[in-house]
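The values are calculated or read from the model by the stated rules, or taken from the named source; none is laboratory data. Since we're looking at a predicted model, the values are computed, not measured. Every residue, glycine among them, receives a Cβ derived from its backbone with ideal geometry; neighbour counts consider all protein chains shown. To get the accessible areas, we keep the full protein, side chains included, count just its heavy atoms, and leave off ligands, DNA and RNA. Shrake-Rupley method; radii C 1.70, N 1.55, O 1.52, S 1.80 Å.
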Amino acid sequence: MLKSRIPIVAMPISPGDIFSGLRAFNAGGKRIQEFEDSFTGTLGVKYAVSAGSGKAAFYLILKSLAKLSDKKEVVLPAYTDAGLVLAIRQAGLKPVFCDIYPETFNLAASLLPEVISGNTLAVLAVHMFGLACEIDIIAQATKNKGVFVIEDCAQALGTRINGRMSGTIGDAGFYSFNRGKNLPTYSGGCIAVNSDELQQAIIAERELLDEPGIFLQAGLLFKLAGVSLAMNRLLYGLFYPVIAPFKSNSMPRSFAMLEYTDIQAAVGISLLRRLSEFSAARLANGLFLMEGLKGIDSIVLPKILPDTAPAFNRLPVVFKDTRLREKVHLQLWDEGIESSYMYPYALHQVYDLGYKENDFPNAVYLAGHILTLPVHPLVPRQNLEKIVEIVSGLC
Ligand SMILES: Cc1ncc(COP(=O)(O)O)c(C=O)c1O
């Protein structure tokens, strides 16, 4: 029997959105320019510079900063997307890991004085899962040291921090538009920056990226149409065996250094118009689950920093007992709700940079105990209630 399934991440991409992508074929960069203009308006930032992925956007920032300073180290949390290490190396720089807080699941800003050295070029302030990290404390720790702050908002487009959009507070911020993100155009990324000098350096670096060829663009349109169909609960259930292999957690070895495309930008413009509505739904769904799950001893919910409004990409929950985590994961699946273990390893367990296994205990613990729950705009209220019922019942 055909079973409906709620995907772990999703966004409503309509046939109209796909059609606007189709019409943007060969638009000569016009839709990209329009998208960047809308993005600056939405974020309240001076410049937006698009790229083919979040990693490519991060790489462009790093290459540009490396022109302004000869320092070589980039500090990043030990629990985050492993592909970031590739971008740092591609830019000719050295990754340096820092542990996370067990309460916020984000970079432990209090450890920065131990990690920042005279050779630190930048600190990457990642807002994991859409939860804001302590960006003000990070900025304070780097102040007057010639260390730049880059915000990684790959999972946090729409998150607000003291009334400002995430990504607009540090020296530069970047976003990802890959298929699991808050504005999915299958792939893509964008940089937010206020400094004229940095924006010019970034634009010059972007000139060196490859332009996706006509076949790649056609493929992207096809994949975008596939993603929009897969958001449908019935189709997701039907096509899950086909989709599953693309969801593997295997570690990336390289990434494409591409520009964004007009096709994706056209879809992005349409999604951007509805961003505040989607962000409000992400926040409301996340808070609904947190309220329903609070007070359960065997799990840890993330701490939301005061004066922040997370546009949750997913809701991360730590299960103290990993067998319980598996039981919940399986029972949710039986009820047609997908949950995910997310990144199963801390970064020093993936890349051998000379660290010891127990150097980042909080990152290792999170990687081994996390389960992420769906809170995107397409999760109906009764499924959120079901999640609360299952977790409360088993824990
Ligand atoms: C926190 C974080 N940073 C960076 C990235 C990289 O983005 P992209 O996949 O668009 O290169 C991701 C993507 O999964 C991410 O989750």
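In plain terms, the chain is cut at each of the GluC sites (Glu not before Pro) found in a DSSP loop with at most 15 other Cβ atoms within 10 Å, and the longest leftover piece is 208-334. Solvent-accessible surface of the chain, averaged per residue with a 1.4 angstrom probe and all protein chains in place: 41 square angstrom.
Measuring nothing but how far apart in sequence close Cα pairs (under 8 Å, 6+ apart) lie, relative to its length, the chain scores a relative contact order of 26 percent. Bridges between two residues of the chain, per DSSP, are antiparallel at a rate of about 55%.
Of the whole protein surface, Thr42 contributes about 50 Å² of accessible area at a 1.4 Å probe radius.
Counting only protein heavy atoms and a 1.4 Å probe, tell me what percentage of the range 171-265's accessible area is made up of carbon and sulfur.
59 percent
Could you look at the range 275-394 and say what percent of its accessible area is carbon and sulfur, using a 1.4 Å probe and all protein chains? Its accessible area is 51 percent carbon and sulfur atoms.
Counting other Cβ atoms within 10 Å, keep those with at most 10, restrict to DSSP loop, and tell me which trypsin sites (Lys or Arg not before Pro) in the range 279-326 are left.
Listed in order of number, the matching sites are Lys294.
Can you give the net charge of the other residues whose Cβ lies under 13 Å from the Cβ of Ile32, counting K and R as +1 and D and E as -1? For residues surrounding Ile32, the net value is -3.
Using only side-chain charges placed at the Cβ, +1 for Lys and Arg and -1 for Asp and Glu, the dipole size of the range 135-250 relative to its Cα centre rounds to 660 debye.
Tell me the relative contact order for the range 200-298 as a rounded percent, counting alpha carbon contacts under 8 Å between residues six or more apart.
41 percent.
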